[in-house]
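Here the structure is laid out as structure tokens; the discussion comes afterwards.
Rule-based calculations on the coordinates, nothing more; no lab input. These numbers were taken from a predicted model, which means no experiment stands behind them. With ideal geometry, Cβ positions are generated from the backbone for all residues, glycine too; neighbour counts draw on all protein chains shown.
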């Protein structure tokens, strides 16, 4: 091989390497990411999930008890590990919330001593369109938060979370399969399984 051929081959390889690096830095939207990405596109705000529940027949306007039923069901799904959830850690009392704080994955064991609060408040009341979907100004996912159960004794290190998000695929599957069992549960009382936890 002549020196010219070697230099030419190295030039082509260098050009391909630069093109590959530029393509990798671009990070196209369709890129498949394996493992838990830092900012999952698979997260769904709880307020958006409530809209999907409404389209699946959860008529919150006619039966306000359904808000509590849905919260109980989501807590049970989180405790069982059926739906992964994320939230922003609530700052200590007297400390202002940092805008854009990262979402942190909430461990399944957390739901043993906590539940979801604020679904109805977060969805607002007026501002719905003809299909019954709240307008963007009516929804405030930051109002959806966790709270300690009054009958439980959570660990002192347990933090509260706000601005809750769900794993979209798991939540959509749960809504289609298991959610119906929780309709009216707040009026029937908790299941024996839930009471024993």
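Just a few scattered comments:
- Segment residue 9-residue 178, length gained on full extension (0.36 nm per residue, minus Cα span): 54.8 nm
- Label-point separation, residue 148 to residue 42 (7 Å along Cα→Cβ), nm: 3.3 nm
- Here the peptides 111-120, 69-78, 169-178, 52-61 are ranked by packing, the mean other Cβ count within 10 Å, and the order with the highest first is 69-78, 111-120, 169-178, 52-61.
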